[in-house]
Amino acid sequence: MKDQLKKIHADGIEKISKITSSPSWDSAHLEFFGKKEGRLSGISKGLKDLSVEEKKELGSLVKSVWSELEDLLTRKKKELDNKIDWAAEKIDLTLPGKISGGQSLGALHPLTQIRQQIEDIFISMGFMVLDGPELESDYYNFEALNIPPLHPARDMQDTMWMEDGNLMRTQTSAIQVRALEKYGAPLRAIIPGRVFRYENVDACHEHTFYQIEGMMVGKNITIANLIAMMRELLGGVFKKDVKVRLRPGYFPFVEPGFEMDINCLICGGKGCSACKHSGWLEILPCGMIHPNVLSAGDVDTKEYGGFAFALGLDRLVMMLYGIEDIRHFHANDVRFLKQF
């Protein structure tokens with residue numbers, strides 16, 4: 001047994017000296033100190049079969065070898081804990097990359113930022129925030145909004161048609177009747193979303209842009225309610241009083257209809273490319289909901305009325321930040337986007 005113990009001692013010193021990683025440390029610890037199959041544990045268990053004199057002599061040797069190897073393993077463990085094995089390190093692909101000049105953090109698109117701000121303003125006034133399909137049917141986009149086939153107003157909203165007769169919606173107003181069918185009256189709701197037009201693109205027109213549709217249906221709703229709500233909205237977004245004007249406008253789904261214009265904040269009303277050198281920017285078609293639209297939504301027009309508006313989100317953000325060209329929003333130019 002002495003020779004066996006010497007062999008264990010020599011093997012232990014050699015193996016522990018070659019340990020370079022945690023797995024090899026675990027292997028050595030299990031080989032010599034494992035409860036069931038450890039080599040030193042096996043020697044200790046065999047002492048019970050020896051005479052008293054042999055047990056005393058060998059027990060002292062086992063204790064000495066055990067203590068020495070255990071100390072070696074403890075020191076080796078500390079070395080491993082203080083050392084980073086870079087070769088064994090794995091690359092974490094979720095970590096941000098290293099960018100020259102400091103870390104660059106992303107941010108929400110300016111349209112998204114202001115859309116969320118507007119949603120908060122209307123939620124505080126008791127409005128729901130709804131959504132609807134961008135691929136819409138002719139019925140909800142036109143007919144239910146009092147725009148029957150061959151109506152000249154359709155020429156003002158030419159868009160992309162699908163082979164099955166559906167189209168890319170030209171206005172968020174397409175959700176008005178959907179909302180009335182689902183929730184009935186009274187109803188307060190806004191519907192933010194993307195719309196599509198077959199437009200000649202310039203500094204203030206895009207073929208794809210964003211609107212925020214709003215509607216309020218109830219008893220004794222008047223134009224005064226509409227104007228008050230628009231002032232509350234613009235004051236909440238711009239954090240100041242903004243000069244606006246209301247002029248007559250024709251839209252088949254409202255009667256009477258209006259155009260709400262905002263004094264151009266880019267040029268201060270002097271005239272620039274963003275406002276077509278007029279000093280004013282059309283921002284919000286609105287009016288009292290036409291009875292035919294309410295009827296399409298199964299609303300009793302003798303009891304309920306209301307107003308609706310379609311806020312041009314892109315143009316509102318242009319005024320807020322002094323952006324002179326609407327095309328910047330969808331150009332994906334990081335130099336532009338990182339300002340927000």
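The values are calculated or read from the model by the stated rules, or taken from the named source; none is laboratory data. Treat the numbers as computed from the prediction; the structure is a model and nothing was measured. Every residue, glycine as well, gets a Cβ built from its backbone with ideal geometry; the counts of neighbours run over all protein chains shown.
Enumerate the pairs (first residue in the stretch 302-327 and closer than 16 Å to Leu180 by Cα; second residue anywhere and part of a helix (DSSP H, G or I)) with beta-carbon separation below 6 Å, excluding pairs fewer than 6 apart on the same chain, so at least 6 apart or on different chains.
Matching pairs, first to second residue: Phe307/Leu226.
For the stretch 261-281, enumerate the residues that are polar (S, T, N, Q) and either in contact with a Cys (Cβ under 7 Å, 6 or more places away or on another chain) or assigned to a strand (DSSP E or B) (or both).
Asn263
Which of the residues belonging to the stretch 178-223 are closer than 24 Å to Glu259 by Cβ and of a type in the set (S, T, N, Q)?
Matches in the stretch 178-223: Asn200, Thr208, Gln211, Thr222.
Yes or no: Phe258 surrounded by 15 or more Cβ atoms within 10 Å (Cβ to Cβ), farther than 25 Å from His328 by Cβ and in contact (Cβ under 8 Å) with a residue 60 or more places away in the chain?
Taking the combined requirement at face value, the residue does not satisfy it.
Identify, from the list Ile212, Ile191, the residue that is crowded, with 20+ Cβ neighbours inside 10 Å and touching an Asp or Glu at 6+ places or on another chain (Cβ under 6 Å).
Ile191
If only one of Val293, Val299, Val317 is touching a Pro at 6+ places or on another chain (Cβ under 8 Å) and either more than 16 Å from Glu213 (Cβ to Cβ) or in the same structural domain as Met216 (by TED's automatic domain parsing) (or both), which one is it?
After applying the criteria, what remains is Val317.
Looking at the stretch 136-249, what helices (runs of 4 or more DSSP H) fall wholly within it and have at least 1 residues that are in contact with a Lys or Arg (Cβ under 8 Å, 6 or more places away or on another chain), at pLDDT 85 or above and not polar (S, T, N, Q)?
Answer list for the stretch 136-249: 138-141.
Within the stretch 194-209, take every residue that is acidic (Asp, Glu) and in contact with an Asp or Glu (Cβ under 8 Å, 6 or more places away or on another chain) and give me the one that is surrounded by the fewest Cβ atoms within 10 Å (Cβ to Cβ).
Applying the filter and picking the extreme gives Glu199.
Within the stretch 2-27, how many residues are under 26 Å from Gly59 (Cβ atoms) and surrounded by 15 or more Cβ atoms within 10 Å (Cβ to Cβ)?
7
What is the residue count in the stretch 144-194 for residues that are in contact (Cβ under 8 Å) with a residue 12 or more places away in the chain, under 12 Å from Ala296 (Cβ atoms) and not polar (S, T, N, Q)?
So the answer is 9.
On the basis of being outside any loop (DSSP other than H, G, I, E, B), among the acidic types (Asp, Glu) and at pLDDT 70 or above, does Glu37 make the cut?
So Glu37 fails the test.
Quick grid of which residues meet (1) of a type in the set (S, T, N, Q); (2) assigned to a strand (DSSP E or B); (3) in contact with a helix residue (DSSP H, G or I) (Cβ under 8 Å, 6 or more places away or on another chain):
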residue	(1), (2), (3)
Pro252	no, no, yes
Ile283	no, yes, yes
Val299	no, no, yes
Ala308	no, yes, yes
Phe329	no, no, yes
Arg335	no, no, no
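Among the residues of the stretch 42-92, write down those that are at pLDDT 80 or above and more than 19 Å from Lys7 (Cα to Cα).
Once the filter is applied, which keeps residues that are at pLDDT 80 or above and more than 19 Å from Lys7 (Cα to Cα), the stretch 42-92 yields Thr74, Arg75, Lys76, Lys77, Lys78, Glu79.
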